[in-house]
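Where a number appears in this text, it was derived from the coordinates with a stated rule and is not lab data. Just so we're clear, the structure is a prediction, and the values are computed from it rather than from any experiment. Positions of Cβ are backbone-derived with ideal geometry, glycine not excepted, and every protein chain shown enters the neighbour counts.
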Amino acid sequence: ATPVEDGGEVEEAGEEDRPDSVASKTDKKEPKLTNQFNFSERASQTLNNPLRERSCQTEPPPRSIFSATANQWEIYDAYVEELQKQEKNKEKQKAIPSKKDNEKSKKKMMLMETQGDDFTKVGKASKIFERMVNQNTFDDIAQDFKYFEDASDEFRDQEGTLLPLWKFQYDKAKRLSVTALCWNNKYQDLFAAGMGSYDFSKQGHGMLVFYSLKNSAFPEYIYPTNSGVLCLHIHEQHSHLIAVGFYDGCVAVYNLKEEGLEPVYKSTAKTGKHTDPVWQVRWQNDDMDNNHNFYSVSSDGRVVSWTLVKNELVFTDIIRLSVNGAVSEGPEGAQQPIIACGTAFDFHKQIDYLFLVGTEEGKIHKCSKTYSSQFLETYNAHSMAVDAVKWNHFHPKVFISCSSDWTVKIWDHTIKDLSSGFTCRMCQKAISGHNTDGTVHVFDLNINKYEAICQQSVVAKKKTKLTHIEFNPIYPIIIVGDDRGYVTSLKLSPNLRKKPKAKKGQELPKGPEVEIAKMEKLLSLLREPEQNAV
């Protein structure tokens, strides 16, 4: 048995060793043949980078203890705000445009915001730089304004001249007429000009612009208006407040300190606005509650007081003008009187409650703020509409009026008859600042009561008409507006600003009491017959 097994084992081993056997083909892999000539084995080992640990520690965020109590009102307000936000979001979703439009609008908004920020940063600096450039450009005019005096006045026999200075214009106001002028009492180089139209068949938009003598090239402030401006007045103490009257009967108050182009106060049909054009507005002293207030007069026959109360313009009818007398509130069935159209008014410089009103019929009424049932006095002043009426700043009894009947009259308000006053009949070409040939006429009653001591043309084109004239309260200059939107400044020569000299043994009156004596003496001179005066 053993040999057989051994023989069997030998046979099995012999089969495995055979190269042709199936087992050798499947189990054994063929050895890799190496290069027998220059075979060599090589190996390399890379270095392992050392490990590093990094860590950082942050400071804990600051903490604060807050406590509050929530009541019903706070909860209610929170819900209301949330509802408003939801409504706004709904409206935005309804009006969502296409993506392209959205992208364009966003880009435009971004550009506008960035441009606006840039302009605000350099706005003040650029304005100062613009003034410097203009003052260098018009340096000769600035030197004439400050230093030039016309030496030839010594040989003119009391006649004078007007030296042209700066000319102010705004391109968008060329087709509008200058309908109002007013100097700023605090900043004497600043004045306001109202733009509108006296051609009532061609009414349209208007404009309120502010110019400075320091920069004649461009306005300091510009306020476009929907209706033409007919009158304006700058507050004497609060120079940033401007009262404006419009052709459509509205009155408004602009605040130069506020941003935006809209007025801070404006009358409406609900708040008692006038139904006809407003011809004049005038600031008054603050009331007992320290509220600002101003007056206005209109062609609807109403003289109205407007009070600035918080965010509201409160009106009070002071007096209603009629042909026969003042209108007081009576029974509804009473006969309606004929309305008199108010055209101008002015308040006494010392007596606060006293004021004058001129009408389209040519009459002048002396009125009181506290007595509205009838007029204190009525003067049959002119045969046509009264264009302007002014109290004298130095003589408390004297006022002056001018009319479309080509006359200027000086009155003593204590004497009703004009025989106590003085009449100057002017040519048809010049009255109340309105001038058809572009000529300024300057009168000095101390020198000549009947002829102007200066007549000078101040516009280049013959068809240009002058509309308004205003004296500067400090400097010896005047500004003149025309119907083409231009404002021209002129300097008075020495002969046009001479003060009357006191006679020997007499002193010039000082104070309001002796001013009355001076006024009475002047009136006595004016009462002299015309032959003696000549």
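Worth pointing out:
- Förster radius 56 Å - calculated FRET efficiency between F66 and R175, Cβ distance, rounded to 0.05: 0.35
- Rounded to the nearest 0.05, the FRET efficiency derived from the C-beta distance between A125 and N49 at R0 = 60 Å is 0.50.
- Highest mean packing comes first when the peptides 191-203, 271-283, 251-263 are listed by Cβ atoms within 10 Å, giving 271-283, 191-203, 251-263.
- Semi-axis lengths (Å, descending) of the ellipsoid that matches the C-alpha gyration tensor of the stretch 435-475: 21, 15, 8
- For the stretch 371-421, convex hull of alpha carbons as volume per residue, Å³: 100 Å³
- Using alpha carbons only: equivalent-ellipsoid semi-axes of the stretch 253-298, gyration tensor based, whole Å: 19, 17, 11
- Cβ-derived FRET efficiency at R0 25 Å, N291 paired with Q374, nearest 0.05: 0.35
- Packing order of peptides 161-168, 287-294, 344-351, highest average first: 161-168, 344-351, 287-294 (average count of other Cβ atoms within 10 Å over each peptide's residues).
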